[in-house]
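See structure below.
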Number of protein chains: 2
Amino acid sequence: MIDMSRVTCYIVPMSLRHGLLDLLAGEPQSGYDLARFFEASMGNVWPAQHSQIYPELGKLVAEGLITQVDEGPRGRKLYQTTPEGIDALRTWLRESPPDYSVRYEALLRIFTLWVLPTDEALAYLERDRAEYRRHLAQIETAIGEVEWSKNPINRGARLTIEFGRRFYATLIEWIDWAAEQVRSGTLEPGGPLPTI
Amino acid sequence: MIDMSRVTCYIVPMSLRHGLLDLLAGEPQSGYDLARFFEASMGNVWPAQHSQIYPELGKLVAEGLITQVDEGPRGRKLYQTTPEGIDALRTWLRESPPDYSVRYEALLRIFTLWVLPTDEALAYLERDRAEYRRHLAQIETAIGEVEWSKNPINRGARLTIEFGRRFYATLIEWIDWAAEQVRSGTLEPGGPLPTI
DNA sequence: CCTTGACATGTCGAGACTGACAGGACAAAT
DNA sequence: ATTTGTCCTGTCAGTCTCGACATGTCAAGG
């Protein structure tokens, strides 16, 4: 007899695989394309290295969720999502609960900023700010360059990209505020409470 | 001879350990406290389960970065960060490059929203919106309840919490915009391009 | 008395993820 | 001719992370 009281696990992370299924639902792409595209768009909410992408593509082919539609120069393999793959995406959205948790190391570090002297903390925030400006610029470039109107897939992606834009704009506004607080001595002993 | 051309790795993730070092730098806390606190504050940028926290506390004690300062009822163990632990935090901030990547599964899903019919996509966004409102409310409660003025540690945490507040406010504004786009047929074949 | 539920600490196996390693194809420049 | 650089696919060891499992304490209420 199987002890059914023990069988309580239904968790299905596998975010990467669903990201890939989405990206391969439009134009066929290679693992190399995907790795680069991840950097620029989906990578803003779910980063992935090629070392993780290639094995996953293999599994997806084995399960019939994508197929290799062509082979280009230098062994370049082009994949595309099958109808079964699209079904898998639909099931994923419908059946599994979203994971609303956020992981952001760069912000975790701000918690610890009090261990640095004020001037060093300010320099730290300045470096972060520059990074955020880069991200914002990159997203705005993407918004300007890609043909979003093409199909529902691209227009759907445009929705998320728009969040990216607002996200980095908010980050920059926030970090300016934070720098102002630090400048006024918040991180020093007996310093003032941050004010909104 | 060691082939130095191969020694190129310096990566130090270990975010959790530094999160714990920060949290234990003020009032002594137990693993149980930390697990609960993670949910409410640091967990907004770096979630952690107790099953990961307890072993990490053991390692930190072994390395002398925290010490057990007291034992309460029910075997409750109270830890506090040592001066060496604070040094480790400072070194972390100074020597290791921040990881600016964001992981957010709930937003990854929005990429794929086009596989659902418009009405179902709208219901999906509505559920997300409710979730974001919950998070925002929780953060605003935390802002109102905690004594942020106490010390630099708490005031530093207040900086990050403030970002959480703005983050969820931005999410809600964005999702209202996204729902409006979906309502106007963006995810249907031949639908309009999202407009800002 | 005994059940229920919150408090509290811990382990474990499996899967996710990373950086490093490895190697081949093709184009352009030297 | 050969070097350099980008393109392109892949593997692997080690770490991180999670859900499930396991165990025990204490207080309150029935």
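The values are calculated or read from the model by the stated rules, or taken from the named source; none is laboratory data. Owing to the predicted nature of the structure, the values given are computational and were not obtained by experimental measurement. Quick reminder, even Gly has a Cβ in these numbers, built from the backbone with ideal geometry, and neighbours come from all protein chains shown. Quick note on the areas: whole protein, heavy atoms, side chains included, nothing else; ligands and nucleic acids left out. Shrake-Rupley method; radii C 1.70, N 1.55, O 1.52, S 1.80 Å.
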Segment B:43-121: helices (runs of 4 or more DSSP H) wholly inside it with 1 or more residues that are surrounded by fewer than 16 Cβ atoms within 10 Å (Cβ to Cβ) and more than 7 Å from chain A (Cβ to nearest Cβ) are B:50-62, B:83-95
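Scanning segment B:30-57 for residues that are among the acidic types (Asp, Glu) and over 18 Å from A:Val102 (Cα atoms), which turns out farthest from DNA strand D (Cβ to nearest atom)? If you could, list the steps in order and put the result at the bottom.
Taking segment B:30-57 first, the residues among the acidic types (Asp, Glu) are B:33, B:39, B:56.
Those still in the list that are over 18 Å from A:Val102 (Cα atoms) too: B:33, B:56.
Values: B:Asp33: 14, B:Glu56: 8 Å.
The extreme case among them is B:Asp33.
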Specify which of the listed residues (B:Gln52, B:Gln29) is within 11 Å of DNA strand C (Cβ to nearest atom), modelled with pLDDT of 95 or more, out of contact with any Pro (no Cβ under 9 Å at 6 or more places or on another chain) and closer than 22 Å to A:Pro13 by Cα. B:Gln52
Residues to consider are B:Gly190, B:Gly144; find the one that is open to solvent by 10 Å² or more (accessible area, probe 1.4 Å), on the phi > 0 side of the Ramachandran plot and either without any contact (Cβ under 8 Å) to a residue 60 or more places away in the chain or more than 9 Å from every other protein chain (Cβ to nearest Cβ) (or both). B:Gly190
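In segment A:32-41, which residue that is within 12 Å of DNA strand C (Cβ to nearest atom) and crowded, with 17+ Cβ neighbours inside 10 Å is nearest to the other protein chains (Cβ to nearest Cβ)? Spell out the reasoning first.
Let us first name the residues in segment A:32-41 that are within 12 Å of DNA strand C (Cβ to nearest atom), namely A:32, A:35, A:38-39.
Restricting the remaining residues to those that are crowded, with 17+ Cβ neighbours inside 10 Å gives A:35, A:38.
On the way: A:Ala35: 14, A:Phe38: 11 Å.
The selected residue is A:Phe38.
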